[in-house]
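**Q** Below you will find the structure I want to go over with you.
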Amino acid sequence: MINIAAPVIGNEERKFINEVLDSKILASGKYVVEFEQSFAKYCGAKFGIANANGTTSLHTALLICGVKPGDKVVTTPFSFIATSNSILFCGAKPVFADIDPETFNIDPVELEKVLKREKNVKAVIIVHLYGLPCDMDAILRLKKKYKFKLIEDSCQAHGAEYKNKRVGSFSDASAFSFYATKNMMTGEGGITLTNNAKADKYARQVINHGRDGHSTFTVLGYNYRLTNLAAAIGIAQMKQLDDWTAKRIANADAYNEAFKSLGFIKTPVVPLNYRHVFHQYTIRVKASERGKFMQYLKDNGVGCGIYYDTVMYKQPYYKKLGYKSGICPNAEQAAKEVVSLPVHPSLYKTDVENIINAVKGYKK
Ligand SMILES: *Cc1c(COP(=O)(O)O)cnc(C)c1O
């Protein structure tokens, strides 16, 4: 079976881990500092605050944007649940805006409808889904007009670019995940980026019990710290990221070329001047066909996945909070039709060929 995801672990990861073990400094330490600085620089942001995972990175981003109980935060319903859960952690209310069915990302036209209807929106979390940047010109225009804090959930988009600028650098705060299956990983891990020095200081308190100095605690904080061990893996992974991304893009190009004449598949769209980093290579098939198609792929040794089969507001916990079906029809339709194929950098050329042949051999 060709797996949908596979972390790559090389000799440098082992070497740096051993250095950390030998140093006996396993919690916060110099590897964390080095990792923060190099990842922030890579993304074109001034400050990086490494922390436990992508979810804590989002929570920290919301807190440094001043999101408080009762505030409204607009986001897409077509993402991993952590995007909207992080809003709930703050006691704030997620408000959902529909997606563009072509890109799967939040539709600026739908976002503006929500901003007009809902007064006093404190913040907006956009998600660069599957590794494709959102329409940043349109979103930054709305930010200027409606004056909300902007957060980028970049958990799937390490190195993605919009008009030659890397994601994570467009907003008041952004969040990345280094979970084992992301474009680069530290096992579990995350980072919050910001360009604001005050926000940087507050974020460091948020992830460290609210600490200000050794034994003074001036704000409510958590233990969201990243370990030196995880950061050591991250430093090694960063050196490979550009090569891995190039492989993901090459694999996606091969699929696009091979599938373009197949009537039953809609291949992913990459608008001009966007750099899609293909965390997922996601196609659409007819809802009525999807189950059969995926079973056929599995029978032919091709692992595949659905990201995501339910919009967030239809999850049982959100239903309990009072959300009803039908808020975002484009997202609900996408949830019925998407299928992701393996696109990760550990695929062999023969894997890519086998995946292409399997898909082409599917007879409806
Ligand atoms: C992975 C992911 C998260 C959460 O990251 P974790 O490290 O798993 O906590 C949040 N948002 C999106 C879009 C993700 O893909």
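The values are calculated or read from the model by the stated rules, or taken from the named source; none is laboratory data. Being a predicted model, the structure only gives us computed values, none of them experimental. Positions of Cβ are backbone-derived with ideal geometry, glycine not excepted, and every protein chain shown enters the neighbour counts. Quick note on the areas: whole protein, heavy atoms, side chains included, nothing else; ligands and nucleic acids left out. Shrake-Rupley method; radii C 1.70, N 1.55, O 1.52, S 1.80 Å.
**Q** Using +1 at the C-beta of Lys and Arg and -1 at the C-beta of Asp and Glu, which of Thr181, Gly301, Pro94 has the Cα lying farthest in the positive direction of the dipole of the chain?
**A** Pro94
**Q** Taking amide H positions as placed in the peptide plane 1.01 Å from N, state which residues far from His209 in sequence (5 or more) or on other chains have amide H under 5 Å from it.
**A** Amide H neighbours of His209, under 5 Å, 5+ apart: Tyr222, Asn223, Tyr224.
**Q** Give me the accessible area per residue for segment 252-364, probe 1.4 Å, as a whole number in Å².
**A** Result: 49 Å² of accessible area for each residue.
**Q** So if I place +1 on the C-beta of Lys and Arg and -1 on the C-beta of Asp and Glu, and nothing else carries charge, what would the dipole magnitude of segment 101-141 be about its Cα centre? I want it in debye, nearest 20.
**A** So the dipole magnitude of segment 101-141 works out to roughly 320 debye.
**Q** Can you give the three extents of the C-alpha atoms in segment 1-117 along their principal axes, from longest to shortest, in whole Å?
**A** The Cα atoms of segment 1-117 stretch 57, 42, 26 Å along the principal axes, largest first.
**Q** If I model a spin label as a point 7 Å beyond the Cα along the Cα-Cβ vector, how far apart are those points for His209 and Glu289 in nm?
**A** 5.8 nm
**Q** Pick out, from His214, Ala40, Gly326, the residue whose Cα sits farthest towards the positive end of the charge dipole of the chain, with +1 on the Cβ of Lys and Arg and -1 on the Cβ of Asp and Glu.
**A** Most positive-ward Cα: Gly326.
**Q** Using a 1.4 angstrom probe and counting only protein chains, how large is the accessible area of Phe89 in Å², to 10?
**A** Accessible area, nearest 10 Å²: 100 Å².
**Q** Give me the distance in nm between label points sitting 7 Å out from Cα along the Cα-to-Cβ direction at Val33 and Phe89, one decimal.
**A** 2.6 nm
**Q** How much of the DSSP bridge set in the chain is antiparallel, in percent, rounded to the nearest 5?
**A** Of those bridges, close to 55 percent are antiparallel.
**Q** Counting only protein heavy atoms and using a 1.4 Å probe, what share of the accessible area of segment 174-327 belongs to carbon plus sulfur, as a whole percent?
**A** 52 percent
**Q** If you count only protein heavy atoms with a 1.4 Å probe, what accessible area per residue comes out for segment 157-216, rounded to a whole Å²?
**A** Normalised by residue count, the accessible surface of segment 157-216 is 38 Å².
**Q** To continue, here is another question. About its Cα centre, how strong a charge dipole does segment 146-212 have in debye, to the nearest 20, once Lys and Arg get +1 and Asp and Glu get -1 at the Cβ?
**A** Charge dipole of segment 146-212: 220 debye, to the nearest 20.
**Q** May I pose another question? Once the Cα gyration tensor of segment 1-68 is found, what semi-axes does its equivalent ellipsoid get, as square roots of 5 times the eigenvalues, in whole Å, sorted largest first?
**A** With the √(5λ) rule applied to segment 1-68, the semi-axes are 26, 20, 13 Å.
**Q** What is the packing order of peptides 320-326, 249-255, taking the mean over residues of other C-beta atoms within 10 Å and listing the highest first?
**A** By packing density, highest mean first, the sequence is 249-255, 320-326.
**Q** Report, for segment 5-146, the % of DSSP beta bridges that are antiparallel, rounded to 5.
**A** Restricted to segment 5-146, the bridges split so that about 10 percent are antiparallel.
**Q** What number in nm² do you get for the chain if you take the convex hull of its Cα atoms and divide its surface by four?
**A** The number I arrive at for the chain is 18.4 nm².
**Q** Further, regarding this structure: At 20 °C and a viscosity of 1.002 mPa s, what translational diffusion coefficient does Stokes-Einstein give for segment 251-326, taking Rh as the Kirkwood radius over Cα pairs? Give it in µm²/s as a whole number.
**A** It comes out at roughly 142 µm²/s.
**Q** Need one number: nm distance between label points at Thr218 and Asn273, each 7 Å from Cα along Cα→Cβ, rounded to one decimal.
**A** So the label points at Thr218 and Asn273 sit 4.2 nm apart.
**Q** Extension gain Tyr348-Asn3, at 0.36 nm per residue separation less the Cα-Cα distance, in nm?
**A** Residue separation times 0.36 nm, minus the Cα-Cα distance, leaves 123.0 nm.
**Q** How do Val8, Val277 stack up against each other in accessible area, from largest to smallest, with a 1.4 angstrom probe?
**A** Val8, Val277
**Q** Oh, and also: Working from the alpha-carbon coordinates of segment 59-194, get Rg over Rh, Rh being the Kirkwood radius.
**A** 0.93
**Q** Moving on to the next point. In debye, nearest 20: dipole of the chain around its Cα centre with unit charges on the Cβ of K, R (+) and D, E (-)?
**A** The dipole of the chain has a size of about 980 debye.
**Q** Please report, largest first and rounded to whole Å, the three semi-axes of the ellipsoid equivalent to segment 187-236, where each semi-axis is the square root of five times an eigenvalue of the C-alpha gyration tensor.
**A** Semi-axes, largest first: 22, 14, 9 Å.
**Q** Got a number for the accessible area of Lys30? Probe 1.4 Å, square angstrom, nearest 10.
**A** Rounded to the nearest 10, that gives 150 Å².
**Q** OK, next. Once amide H atoms are built 1.01 Å from N in the peptide plane, which residues 5 or more positions from Thr181, or in another chain, come under 5 Å H to H?
**A** Counting only residues 5 or more places away or on other chains, the set is empty.
**Q** Keeping all protein chains in place, calculate the accessible area per residue for segment 10-147 (probe 1.4 angstrom), answer in Å².
**A** Solvent-accessible surface per residue comes out at 42 Å².
**Q** Between Lys145 and Tyr317, what is 0.36 nm times their sequence separation minus the Cα-Cα distance? Round to one decimal in nm.
**A** Extra length available between Lys145 and Tyr317 comes to 58.6 nm.
**Q** For the peptides 205-218, 72-85, 115-128, what is the packing order when you average, over each peptide's residues, the other Cβ atoms within 10 Å and list the highest mean first?
**A** Taking the mean over residues of other Cβ atoms within 10 Å, the ranking is 72-85, 115-128, 205-218.
**Q** ³J(HN,Hα) across segment 129-145 via Karplus (A = 6.51, B = -1.76, C = 1.60, θ = phi - 60°), whole Hz, x for Gly/Pro?
**A** 6, 6, x, 9, x, 6, 6, 5, 4, 5, 5, 5, 4, 5, 4, 5, 6
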